[in-house]
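Reading through the structure tokens given below for one structure.
What follows draws every value from the coordinates through simple rules; no lab data is involved. What you are looking at is a predicted structure, and each value in this text was computed from that prediction instead of being measured. All Cβ positions, glycine included, derive from the backbone under ideal geometry; neighbour counts span all protein chains shown.
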Amino acid sequence: MDYGQLKEEIIEYSKQIGIDKIGFAASDPFIEMKNLLMRQEALGYQSGFEHKNIDERTHPELIFEEPRSIIAIALAYPSKMTNPPRGKRGERRGIFCRASWGIDYHILVREKLEQLAAYIKEKVSEARCKLMVDTGELVDRAVAERAGIGWSGKNCSIITPEFGSYVYLGEMITNLPFEPDEPLHDQCGECTKCLEACPTGALVGPGQLNAQRCIAFLTQTKGFLPDEFREEIGNRLYGCDTCQTVCPKNKGIDNRFHPKMEPDPETAKPLLKPLLQLSNREFKEKFGKMAGSWRGKKPIQRNAILALAHFKEEQAVDDLIKVLQEDVRPEIRGTAAWSLGKIGGEKARTALLTARVHEKNSDVQQEIQKGLHLLNEQ
């Protein structure tokens, strides 16, 4: 088998099926990444969403029999919305990050990997492939960097010369000995704009992220959001794009190659008040095809309540009072109490005083007190 020729054929086929960039990497252990992950774990910087076994994340031979190479791919996604709806008083809107626009990228990237794997197996009957997109064992960023897809930026994203950092990544381990591509040189230089712009200081250094402070992670948690982050979240419902939007390498980049990635403005930038009363079925119908729906409706609703407080949306007071009085989830009732205090007004005060008498949950009681304290400060 001429694997050099096969590699060229795979590259050509990848273009035909809409893969925007492809690279080939050795399947050697990712020792540098292993050291980074161990340091992250020791510092308590992990999000908790990662694959738990660091050895499996960095040693392909532990998760695949006799690996010979890894193929990495990238799909470029849009950074701008056509005719985005504008929020206004009484009709405030939240925002999903760009990586959640359109159809869930896990589905789209896996479809491309499956097409690629089928093509390879057609060419080589004994070929074996293990496909991964985000939730696999390996670290997508480490594979993409080694395969020459892009360099690892100070914002912990892979940055490509062609598409900026607006790319979805996926990879497959194979038992075929493809010649590896050369990694790209770091092109961030002395720039530190992403580090300076991070709203919560989560980027603690070049290429080092404290996920526990990252808004992208925090928007996906299900409990009460820690007080120090409640104002920083702004109107973000899922994810955060700040470290990408300030990056000079993303200036003027808007990748419009895949119709399934195009955002529906009413789901990518939805009205906030209707989110508060969505049933599970309504949530799945409206948002179920987005990557940002994977944690369910609770984090989105909690974040919507915080966004209404961010806007000091007086016209949402009645809606928030209803949540405080009727919602069965303590995290949602309590967040509504805090937000009512943030928005202020006599109607909010009366509702909080009434809730203080009737509320049985101690965590919600604490949030009611916070709300009343905010009102008194005003």
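The table for this structure:
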| read-out | value |
| --- | --- |
| Label point 7 Å beyond Cα of ASN280 along Cβ direction - residues of region 290-307 with amide nitrogen under 11 Å | 297 |
| log₁₀ of I(q)/I(0) at q = 0.07, 0.10 Å⁻¹ - the chain, Debye sum with one point per alpha carbon | -0.36, -0.70 |
| Whole-number D in µm² s⁻¹ for region 209-308, Kirkwood Cα-pair radius fed into Stokes-Einstein, 37 °C, 0.692 mPa s | 221 |
| The chain - percent relative contact order, Cα under 8 Å, separation 6 or more | 19 |
| Neighbour-limited loop hits for chymotrypsin sites (Phe, Trp or Tyr not before Pro), region 32-74 (at most 13 other Cβ within 10 Å; DSSP other than H, G, I, E, B) | PHE49 |
| Those GluC sites (Glu not before Pro) in region 57-155 that DSSP places in a loop and that have at most 13 other beta carbons within 10 Å | GLU65, GLU126 |
| Cα coordinate range in region 77-181, projected on the principal axes (Å, largest first) | 62, 29, 24 |
| Alpha carbon centroid spacing (whole Å) that separates region 350-378 from region 260-284 | 29 |
| Distance violations [Cα-Cα > 20 Å] among LYS7/LYS249; LYS15/LYS249; LYS286/LYS347; LYS15/LYS123; LYS260/LYS284 | LYS7/LYS249; LYS15/LYS249; LYS286/LYS347 |
| ³J(HN,Hα) computed for each position of region 185-202 - Karplus, 6.51 cos²θ - 1.76 cosθ + 1.60, integer Hz, glycine/proline x | 6, 4, 10, 6, x, 8, 4, 10, 4, 5, 5, 6, 8, 3, x, 10, x, 6 |
| Helix-only CD estimate at 222 nm, as mean residue ellipticity for the chain, using -39500 (n - 2.57) per DSSP H run (n ≥ 4) | -11500 deg cm²/dmol |
| Mean shadow area of region 313-378 over all directions, Cα convex hull, nm² | 3.6 |
